[in-house]
Structure formats: C-alpha cells, structure tokens
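Just below is one structure, and these are the notes that go with it.
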Amino acid sequence: MLNTKEVDLVVVGGGPAGMAAAVAASEAGVEAIVLIERQARLGGILPQCIHNGFGLRFFKEELTGPEYAHRFMLELEKHPGIEVKTGTMVIKVTADRQVMTVSAAEGLVCYQARAVILAMGCRERPRGAINIPGTRPAGIYTAGSLQYLMNIEGFLPGRTAVILGSGDIGLIMARRLTLEGIQVKAVLELMPYSNGLNRNVVQCLEDFKIPLYLSHTVTAIHGQKRVEKVSVAPVGADLKPLVEKGFDLACDTLVLSVGLIPENELSLQAGVELDPATGGPVVDSFYHTTVEGIFACGNVAHVHDLVDDVSTESAIAGRAAAAYLRGEIRGTRWLPVKAGRNIRSVVPQRIVTGQATPLYIRARFPERDVLLQVGRGRSRRRIVSPGETIYYTVKPEEISETDGWIGVSLEGGEIDD
Amino acid sequence: MTELTCIVCPVGCRIRVDRDGNGLKITGNGCPRGLTYAREEMTAPQRTLTAVVEVAGSDCMLPVKTKVAIPKAKIWAAMQEIKAITVHPPVTIGQVLKEDLAGSGVALVATGTIDQDEKRENL
Ligand SMILES: Cc1cc2nc3c(=O)[nH]c(=O)nc-3n(C[C@H](O)[C@H](O)[C@H](O)COP(=O)(O)OP(=O)(O)OC[C@H]3O[C@@H](n4cnc5c(N)ncnc54)[C@H](O)[C@@H]3O)c2cc1C
Ligand code: SF4
C-alpha cells in the first residue's frame, strides 16, 4: 500500500530557490512544509561554486557559493515546521498536487499537498558536443561537471585546455583551471559578444591574459584515446564556420560551456504551460504557474545570472503560496507581457494588475543607449546584452487594462559590436 | 585615458580614468565603491582568491578564500601555499587555516564546514 501524507506545502528541490521559498512560506504562517532534495545535502549547485560574488544584492556582502548556502541553512534551522527530506527524489507531480517521492530510507511516499513549489533548478545543455565532428576521446567535459569534479572531488583534468562558450560558468572555470596550473589556451564564443557578466570577463580572462575569441567555434576534435587538439575557425554572420580561415589548438582537455536549460520534466507532467523563450513555466507576478496551486521559482523558471535574484524571487513565491493557502490570490486579474523589439524573454509572463512587479528581461542582441519601454513606463539604459539581466519594476500606473497586454521593448539603440 | 570595468558588483559599470594633474579624474562609476575600485586598480590592484584544500581522510575538498582581497601580484605565491595545505577535521566555516598567506598579511579562511566524521556538512 502506498503511504500517503497530507501536508500544506511541498517544495521540490533544496537549492537556493527551494530553501528561500520554504523559509518565506514558513515565515508567512504555513505550518506543514516538506522540502524535498534528491541529493544527500541541501544547497543545489552552490557548494561547487567556490568563487565569490554571491550575496551582494541580498546580503550586501560578498560571499562564496558555499557561504551563501550556509546562510540559508542557518535560516532553515530556525523553522521547525519545515521538514527536510534529503536523499529523496520527486518522480511525479500531478495537477491535483500529488507529489510522488522515492528514497532509500522510506521507499515510495506520496504527499497530497495543498500547494506545491517547483524549484528543481536547471541542467547543462549538452548540445554543443553533438554537432562537433571528429572523435570522442577522453578529456571532454561540460563546465558544470568539471566544476563539480575540481571543486568537490579535487580532480585535475589535464595540462592544457580550450573552453567552448563564454557563459559565466565557462569564464569562472577558465580562471579556476589557470589557478590550478592548467594552461587555458583560449575561450571560444560563437556569438560576437560574451554571454557572461562583464565583471567575469575582466576578473577571469583579462586578469590572466586568457584570450577570448569571439565569433569562433570548434570545428573538429582530434585524438584517439585522449583529446590531442581541436580545430577552431571563425564564423561568418550566418554563424557558419569559415573553415579555410581555421587553425588548430593543441590541448588535452575541452570544456563545453554551452548554456543551461530549466529542468522541467516534472512541470510538464503536472500540465504546467512552459514559455519557449525561457524554457521554464509561464508564471504570474506571484510565480503562480498555469496550474492552480503550483508555483515555480529559481532556475526552473528561468536561468538567472545571480543567485541573489533567485532568493528574492523565491521568497515572493513562498509568500504567495502562503497567501494561496489562506484562500487569497485566486482568480487574480493579470495582463500578458508582449515581447517587442530586441526582447528575448520577460519573467513573469503574466503581470498582476494593481501592484508593482519586478521584471527580469533579456535582450536578443547587445545595444548601446536604448530606451526600455514597459507598458507606459520608460527607462534609459546605457548598455544591454543578452548575457546580463535587465531589471525593471513595472508600477500599477504604467499598466493600462484597456490595452489587453503589456508591451516590453528596447527602442532606438545602436548595435554594439 | 583608461577604461575599466568595475568588478565590485554585477552592474559592471564602465569607469573612465583620466590623468588630472597629479591626481586621477574618475567618471562613469555608478556608486562610491567604483571610485575606490578604480583608484586601487590604477595603483595596487587586489583580488579575493578562492580555492579548495585537501581534507585528511576524506574524498571531498574544503573550499577556502582569502579573508579579504590580496594584491594581485601575490596570487601565484598564495596558490602555491594553498596547494600545500591539508586540513584535519573538524573545520568550521570562517575558521582561519593560515595566517599571513604569502606575506600578504591576509588570512586564509574556510568557507565550508567539515564535521568530526569527516563529511562536509555544508557542501
Ligand atoms: C553547473 C552550474 C554552475 C553554476 N555556476 C554558477 C556560478 O558560478 N555563479 C552563479 O551565480 N550561478 C551559477 N549557476 C547558477 C545557479 O545555479 C543559480 O544561481 C542557483 O543555484 C539556482 O538555484 P535553484 O535553487 O533554482 O537551482 P539549483 O541550485 O540547481 O537547485 C535545484 C535543486 O533541486 C534538486 N532537484 C532537481 N530535481 C529534483 C527532483 N526531481 N527531486 C528532488 N530534488 C530535485 C537538485 O538536486 C538541486 O539541489 C550555476 C548553475 C549550474 C547548473
Ligand atoms: S561603480 Fe558601483 S554600481 Fe558600478 S559596478 Fe562598481 S560597485 Fe557596482
């Protein structure tokens, strides 16, 4: 017989998003909360992010990933109403909020929750590897798995490395490898701009004189048992490699840092609608998904640059779940966001009227001196880039219900290259 | 004229530094911390160093950092000293593992905790 337990709130995922959501819900008066994490410990991806730069927004001080996680673990301990289940994997979430779990300790357990918060984070996109011709020797890693191997297990991958992709994890790993004595020959980026934060380009590459090749990619991997070299070529405006202009870089390690995608198998099973622009659930200002009583926050909703934003947004979701459990925020009025010129994505996708909503906006391409328009609101921005979140809090008076939607666009910029 | 990207916070302001007689004229910083950063960067650049050290009797590493930023020029010497360290459990987050790392006057501290039975609690 399946063991079923009735609880107020189940939080799926014990990373920074799940921890912050559970704490906020508990502070807002929710009593029976279960926080479920498949790994043996809480913290999500943070323990492997040993570099500093976390917490500047949220705690107003600069912390490393493990320190940031530690702060939230101390918070959790103050909330005895939160039952933490580590080593427990959620295998299914239904639209009527049954959460099926499995663990070595308790076997199959089903929770019937009155509200659910999805906080499963994201995973690395392995795609870049699939398209590269050549052999598949040892020495190829995704940036996140290499970060885990080096920072948790103390493993060193080789002597010379090439990194494909200039997202933040790729940049951070370029510095990490260099500090451990591994020569990073180059960071290659397909696009004409870096996808990482500018500060990371400065402190991870420029500080160590690691060359960044924009508009370049790996066209072939060579080596039988182990990577021996990679062929590199610049790409044209159509992003196709110009092989005749290519060159080889000798290396024994290739690191792929080609992006993250929200982890949404469970959301799909529950019937939650996903936004193709973010890869995460469509949410409203309360981080309520399209399924009643199911909320989503953190990297499962959209990939964040900063964990601080994850904590802030997850606290909103936690408080909203508490309000939902009190019978509030049901059938709230909202307007959809409509992405206009140079806008790739906007979260939340549905803006609840009559209150201010902080937005996370991403541009499609880099530009200088642009005017950000959100409904009737206007704001000047000196530089926008796909690698950096654009923040804007839309106020109630900037929204007109008669429009039927809220337009978001960047106007009148110069293309920055 | 020098253009710097401020790395103090994620905004990443582009700061312009011009020589102004004997001093520096700094513009483009979004807040006062950017001023301090630009002045230091032009005279004595500093960085916080993070790494991991071995833990005796454990398969997991312990994350560490310099308590505050150290001179950029000392980073390599500091890494050599860090690589030579093996810690013995228990270690508590914030604990000083080595004073005066590479003659910088700055201590190396743990950024994680390992309890007695050698498992990293806050990993
Ligand atoms: C490899 C990698 C490296 C990163 N490095 C950096 C960095 O250096 N700096 C930075 O600012 N940001 C970094 N990020 C972004 C960082 O992940 C986020 O800022 C933040 O950790 C997101 O928090 P989260 O709680 O949403 O997700 P996560 O931290 O990923 O936590 C999600 C948690 O949910 C758990 N989970 C997932 N599915 C289930 C399930 N079915 N059942 C039970 N538990 C489940 C996972 O085990 C995990 O613990 C990185 C992300 C990744 C993927
Ligand atoms: S100047 Fe201030 S706001 Fe701008 S990046 Fe530096 S610390 Fe941030």
Report task. Quickly run through region A:368-414 and pick out the residues that are under 23 Å from the mean Cα position of the chain (by Cα) and not hydrophobic (A, V, I, L, M, F, W, C). Result -> A:S385, A:P386, A:G387, A:E388, A:T389, A:Y391, A:Y392, A:T393, A:S409
**Report entry** Positions within region A:169-219 being within 12 Å of chain B (Cβ to nearest Cβ), among the acidic types (D, E) and either free of Cβ contacts under 8 Å to residues at least 24 places away in the same chain or farther than 23 Å from B:A38 by Cα (or both), in sequence order
**Finding:** A:E180, A:E206
Query raised in the report: If you check A:E273 against the conditions, is it out of contact with any Ser or Thr (no Cβ under 8 Å at 6 or more places or on another chain), more than 16 Å from ligand 2 (Cβ to nearest atom) and not small (G, A, S)?
Result: no
**Report entry** Residue, farthest from ligand 2 (Cβ to nearest atom), within region B:12-30, restricted to residues that are surrounded by 12 or more Cβ atoms within 10 Å (Cβ to Cβ) and not β-branched (V, I, T)
**Finding:** B:L24
Report task. May I ask you to list the residues in region A:259-284 that are of a type in the set (D, E) and either closer than 26 Å to A:T142 by Cα or without any contact (Cβ under 8 Å) to a residue 60 or more places away in the chain (or both)? Result -> A:E263, A:E265, A:E273, A:D275
Query - Enumeration of residues in region A:33-62 that are within 16 Å of ligand 2 (Cβ to nearest atom) and in contact with a strand residue (DSSP E or B) (Cβ under 9 Å, 6 or more places away or on another chain) - result: A:N52, A:G53, A:F54, A:G55, A:L56, A:E62
Query raised in the report: When you scan region A:1-80 for strands (runs of 3 or more DSSP E) that lie fully inside it, which ones turn up with 2 or more residues that are touching a Phe, Trp or Tyr at 6+ places or on another chain (Cβ under 6 Å) and in the same structural domain as A:G298 (by TED's automatic domain parsing)?
Result: A:3-12
Query raised in the report: Does A:V303 qualify as being closer than 27 Å to A:P66 by Cβ and part of a helix (DSSP H, G or I)?
Result: no
Query - Given (1) within 30 Å of B:A110 (Cβ to Cβ); (2) at pLDDT below 95, index of the condition A:P66 fails - result: (2)
Query raised in the report: Looking at region A:112-127, is at least one residue surrounded by 20 or more Cβ atoms within 10 Å (Cβ to Cβ), under 29 Å from A:R362 (Cβ atoms) and within 11 Å of chain B (Cβ to nearest Cβ)?
Result: no
Report summary line: With the first residue restricted to region B:1-24 and required to be within 16 Å of A:L306 (Cβ to Cβ), and the second required to be β-branched (V, I, T) and more than 7 Å from ligand 2 (Cβ to nearest atom), Cβ contacts under 6 Å at 6 or more apart or on different chains are B:I7/A:V202; B:G12/B:T5
Requested in this report: Can you give me the ranges of the helices (runs of 4 or more DSSP H) entirely in region A:114-215 with at least 2 residues that are on the phi < 0 side of the Ramachandran plot and within 14 Å of ligand 1 (Cβ to nearest atom)?
Outcome: A:143-151, A:168-179
Query raised in the report: What's the number of the condition A:V347 fails, among (1) under 21 Å from A:N198 (Cβ atoms); (2) within 23 Å of the chain's Cα centre (by Cα)?
Result: (1)
Requested in this report: Would you please list the contacts, defined by Cβ atoms under 8 Å and residues six or more apart or on different chains, that run from a residue in region A:370-394 that is in contact (Cβ under 8 Å) with a residue 24 or more places away in the chain and closer than 23 Å to A:D284 by Cα to a residue that is in a loop (DSSP other than H, G, I, E, B) and of a type in the set (G, A, S)?
Outcome: A:Q373/A:G340; A:G375/A:S400; A:R376/A:S400; A:E388/B:G12; A:T393/A:A356; A:V394/A:A356; A:V394/A:G375
Requested in this report: Would you mind finding the one in A:E62, A:E31, A:E6, A:E77 that is acidic (D, E) and either within 20 Å of A:G298 (Cα to Cα) or in contact with a Leu (Cβ under 8 Å, 6 or more places away or on another chain) (or both)?
Outcome: A:E62
Query raised in the report: Is there a residue in region A:58-72 that is acidic (D, E), surrounded by 20 or more Cβ atoms within 10 Å (Cβ to Cβ) and in contact with a Ser or Thr (Cβ under 8 Å, 6 or more places away or on another chain)?
Result: yes
Query raised in the report: In region A:280-302, how many residues are surrounded by fewer than 24 Cβ atoms within 10 Å (Cβ to Cβ) and more than 21 Å from A:I406 (Cα to Cα)?
Result: 3
Report task. For region A:236-246, indicate whether the set of residues that are in a strand (DSSP E or B) and surrounded by fewer than 19 Cβ atoms within 10 Å (Cβ to Cβ) is non-empty. Result -> no
Query raised in the report: If we scan region A:16-28, do we find a residue that is within 14 Å of chain B (Cβ to nearest Cβ) and over 19 Å from A:E313 (Cα atoms)?
Result: no
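Please state which one of B:V96, B:V53, B:V91 is in contact (Cβ under 8 Å) with a residue 40 or more places away in the chain, more than 16 Å from ligand 2 (Cβ to nearest atom) and in contact with a strand residue (DSSP E or B) (Cβ under 8 Å, 6 or more places away or on another chain).
B:V53
The values are calculated or read from the model by the stated rules, or taken from the named source; none is laboratory data. Not measured: the values here are computed from a predicted model. In this analysis, Cβ positions are derived from the backbone assuming ideal geometry, glycine residues included, and neighbour counts consider all displayed protein chains.
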